[in-house]
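Here the structure is laid out as structure tokens; the discussion comes afterwards.
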Amino acid sequence: MKKADEKPLAVVLVSGGMDSATALGISASEGNRIALIHFDYGQRNRIRERTAFDALAEHFNAERTLIVPMDFLKIIGGSALTDENIPVPEEMPAKGEIPATYVPFRNGIMLAVAAAWAEVIGASKIFTGFVEEDSSGYPDCREVFVNAMEKAINLGRRPEGKVEIIAPLLHKTKAEIVSIGTKLKIPYELTWSCYLGGEYHCGKCPACRLRKKAFIEARIKDPTIYEPQ
């Protein structure tokens, strides 16, 4: 049972990328105890993301960590991130277009698993780094989706307490996210955004392009090492 003076426990979804690292920093700055959850779904950059996750967990002194294998998403396929036969595009998707890197219902599954863990460990909050405003057009990064998932999760859990899904970056641009994170001293050099799993960020995929653009627009030095172009 939670003590009256005990800080609230928050589950934070952390891929190892820039956005989830910033959401983690926000959660920590608000005085929450943090439990970090990471998902391995056979993504191309899984090793690099896991390395970033481990580094962030250590940096933020996470109270708990959980690695969840979700290889079934690779078996299902349908995404350039999990299917080697679908090339990762270099160009940004057109506005309103669902990109090839979208993993069908990935975020919904992740939120459901995070909610199950939160219920077991007594967490009252789930933080995510979902971004609707300046993302790659993923339908499961929208505010309407997050609100619907929160409602469904609370309908399907024990009635003793509710969990809140907090997406503090939902309507921020990538440049705004970098600015916020820099003020919070987020170690962006530890994060990994590239859709590929090379030694360095490729600098060409949509995730790398958004990362580069964010630091340029925020007028903040980019600590990322990119492959020579």
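The values are calculated or read from the model by the stated rules, or taken from the named source; none is laboratory data. Predicted, not measured: the structure shown is a model, and the values here were computed from it. Here Cβ is always computed from backbone atoms with ideal geometry, including for glycine, and neighbour counts include all displayed protein chains.
Values as computed for the structure displayed
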quantity: Long-range neighbours under 7 Å by Cβ, at least six apart or interchain, first residue modelled with pLDDT under 95 within the stretch 20-34, second of a type outside the set (A, V, I, L, M); calculated: none
quantity: Residue in the stretch 43-50 that is in contact with a His (Cβ under 6 Å, 6 or more places away or on another chain) and either modelled with pLDDT of 95 or more or more than 19 Å from SER193 (Cα to Cα) (or both) present; calculated: no
quantity: Residue that is surrounded by the most Cβ atoms within 10 Å (Cβ to Cβ), among those in the stretch 96-134 that are assigned to a loop (DSSP other than H, G, I, E, B) and of a type in the set (S, T, N, Q); calculated: THR128
quantity: ALA118 vs. criteria of a type in the set (Gly, Ala, Ser) and under 14 Å from the mean Cα position of the chain (by Cα); calculated: no
quantity: PHE53 being among the aromatic types (Phe, Trp, Tyr), modelled with pLDDT of 95 or more and either assigned to a strand (DSSP E or B) or surrounded by fewer than 17 Cβ atoms within 10 Å (Cβ to Cβ) (or both); calculated: no
quantity: Residue within the stretch 170-186 that is within 18 Å of ARG46 (Cα to Cα) and crowded, with 16+ Cβ neighbours inside 10 Å present; calculated: no
quantity: Residues being crowded, with 23+ Cβ neighbours inside 10 Å and over 21 Å from ALA112 (Cα atoms) - total across the stretch 26-47; calculated: 1
quantity: Qualifying residue in the stretch 142-154 (condition: over 20 Å from ALA112 (Cβ atoms) and buried (at least 17 other Cβ atoms within 10 Å of the Cβ)); calculated: no
quantity: Cross-chain or 6+ apart pairs with Cβ under 6 Å, the stretch 198-225 first and over 17 Å from ALA80 (Cβ atoms), then among the aliphatic types (A, V, I, L, M); calculated: TYR200/ILE225; ALA214/ALA175; ALA214/VAL178; PHE215/VAL178; GLU217/ALA175; ALA218/ALA175; ALA218/VAL178; ILE220/VAL178
quantity: The stretch 136-167: number of residues that are touching a Ser or Thr at 6+ places or on another chain (Cβ under 8 Å) and of a type in the set (Ser, Thr, Tyr); calculated: 1
quantity: Single residue of the stretch 165-211 satisfying the filter (among the aromatic types (Phe, Trp, Tyr) and under 14 Å from the mean Cα position of the chain (by Cα)) that is nearest to LEU24 (Cα to Cα); calculated: TYR188
